[in-house]
Amino acid sequence: MLFVEEERGRIALRGPLWWDVAAFLTLVKEAETSQEQPEVALPLWQEAEQLSRRGLFLSDDLEAPWYELQAVRAVRLRIEKARQQVQRGLALGLFATAKALEEAHLQLQLYFEQYPTDRAAVEHLLHLADRSHQHQELVLDVLSQVQGRLDASTRARWPLSLKQHIEQMRKRNLHQQSDFSCPDTQHFPPPFVSNTSSIGTSWAISLDQLDGLLAEARQNIATLKACLFSDPEEQCRVTHSSSFQREEYMFPHDPTKRQSLLQFAAALGVLLTGSHVSDTPALKQPFASSEKREKADPTLLHRFENLLLESWTLLNCNQFTLAERLLMSFLPSLLAFPVEEKMARLASIGLRLQSVLAHHRLDLSQKLTLCQQAVTFAQHGHDHTILAAALVELANAYEFHGDVAKSLLTLQEALTVAPHTTPLIQSRIYSNNAVLLAQTGRKREAEWYIQYAQEIFPDTPQQDPRSVFADSSVYTLAYHAGLVALALGKLHQVSDAFTLYQQWPAQGTMPERLRLEIWNGHSKAAIQMNELEHYAALLTDSLSSAQMLGSKKRYQEAVVIFQQELPSTWRKHALLREVAATYGLQRGTL
């Protein structure tokens, strides 16, 4: 029960949700009062952050009669303010305690990406750095990025005294090489600003704003592709090894192009993160409670659909952070509309993309929640293809949670709608089933499904109008074929299976997340085929490339193979000892 003193009544709600709200706000208040004791405040911030991920409002409550009551709106606004406090407190607390500097660096970047005008946070960070006389290079790296965003925007500038303070610190550190300023490292993206499991807070957004976002996204994607792939030699370098053909997609090493890419990324970051700071109320301000929201008109939904397309395109251009920033700039507004078929279909696609990005951060709890919501919206959308894609992603979430039984049941549900979907989606459903069946000992069924997945895969998948949204490609099919061959002990077929995509030559550039997935599959095969040097080369590439891509998921996959599948006789080999020392790997722990 929620007691509403202002209206002298009470509302029957889901009890645990409101207990979560009270606990969350209490933790934030206690942490704020303990700021001068970082060791005390940090656990409180961490607990509040974990609690907020569980969700405070559910999507099926959006049209409940209590949802727009004044008291409820007031609580929602308090929650949104507290979320910013948690992000700031967590970032500053991690830095102050110096227990996890990499995580502190990441959290500070994520916070200032969303709130670059928070001068109080900047001053507090400088105060902590001056007091400890340590890790000032980390602070300078973060603040230089913030200053770059402010200089590229029309926001208020830092006062001269603050700039002088930073300049003095920079002069004291000129002799040191910062480990945190590598320009070609893409850091892990932030979670959804208004955690989609609690998407009760909505923002108004106009057609002009959507058109601006869309035009800017398209222009920047074109710039990105020009920077990354300006000539064939930079796009792809092919080398040969004893058992597979390696396609290495390179980040540009031309300093001029790298600088252009950095300028582009900064500009897009200002544009998109600007929609979440306090000086842009159009996207932050909740809709007036006296107005019942009307359904989104077709023109508006068409804009949302185009923005979703650009978001998926950014993902496949290896730009996780930019993809999520763009998604965050409009998805809350889309989810705020009443549920109807077209809106529900687009919402499902957007939530599924968010779940993919969450998975690459290893935020498995959020991924599962997002996938469940994507399925719910897809069911309201009455579109078999979108529902099947959502079910496949939900099955993946269950699998990575270790619940193989639920994963199989979910894929069985996807099979029931497969005949009503496109061949591209059907192939993905069959190949996912094949992998799980092979890994659970159902060999004959696995062989049939993976064979049928290959037979039904279209010759020109790019002609499927939903190919980008489907996240189903010949690269994933090849990866699944390789896993099935491994699980069935057919080592002589593994190399051909993992390179199956070469039978579909005109597929464009392979997304790095999919290349690394296949590379990790090759690593498993190299171990089983006793190819130590081959495995060492694959491991090194997988770890370094996953770091550059910003995928904790792909990095963890490579580490788990190293820890759990490496033969004991290989442990002392010089090649693997060198890799383990370089990346701080230890068998048995992550």
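Every number here is computed from the coordinates shown, using simple stated rules; none is lab data. What you see is a predicted model; the values in this text were computed from it and never measured. Reconstructed Cβ throughout: ideal geometry from the backbone, glycine too, with neighbour counts over all protein chains shown.
Arrange the peptides 28-34, 512-518, 362-368 so that the one whose residues have, on average, the most other Cβ atoms within 10 Å appears first.
Sorting 28-34, 512-518, 362-368 by mean packing, highest first, produces 512-518, 362-368, 28-34.
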To the nearest 0.05, the calculated FRET efficiency linking residue 530 and residue 577 through their beta-carbon distance, R0 being 22 Å, is 0.75
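Could you tell me what % of all Cα pairs in the stretch 484-576 have separations over 20 Å?
38 percent
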Hey, fewest Cβ within 10 Å first, where do 522, 380 land in order? 380, 522
For the residue pair residue 382 and residue 565, what label-to-label distance in nm results when each label sits 7 Å from Cα along the Cα-to-beta-carbon direction? 4.5 nm
As a footprinting exposure proxy, order 510, 328, 529, 343 by other Cβ within 10 Å, with the fewest listed first. 529, 510, 343, 328
In nm, what is the difference between 0.36 nm times the number of residues separating residue 144 and residue 127 and their Cα-Cα distance? 4.5 nm
Amide H contacts of residue 422 (H built 1.01 Å from N, under 5 Å, at least 5 apart or other chain): none
With contacts defined as alpha carbon pairs under 8 Å and 6 or more residues apart, what's the relative contact order of the stretch 422-510 in percent? 30 percent
Relative contact order for the stretch 500-590, counting Cα pairs under 8 Å that sit 6 or more residues apart, in percent: 27 percent
Any number yet on Rg/Rh for the stretch 422-510, C-alpha, Kirkwood? 0.97
Can you tell me how much longer the chain between residue 547 and residue 493 gets when fully stretched, taken as 0.36 nm per residue apart minus their C-alpha distance, in nm with one decimal? 16.4 nm
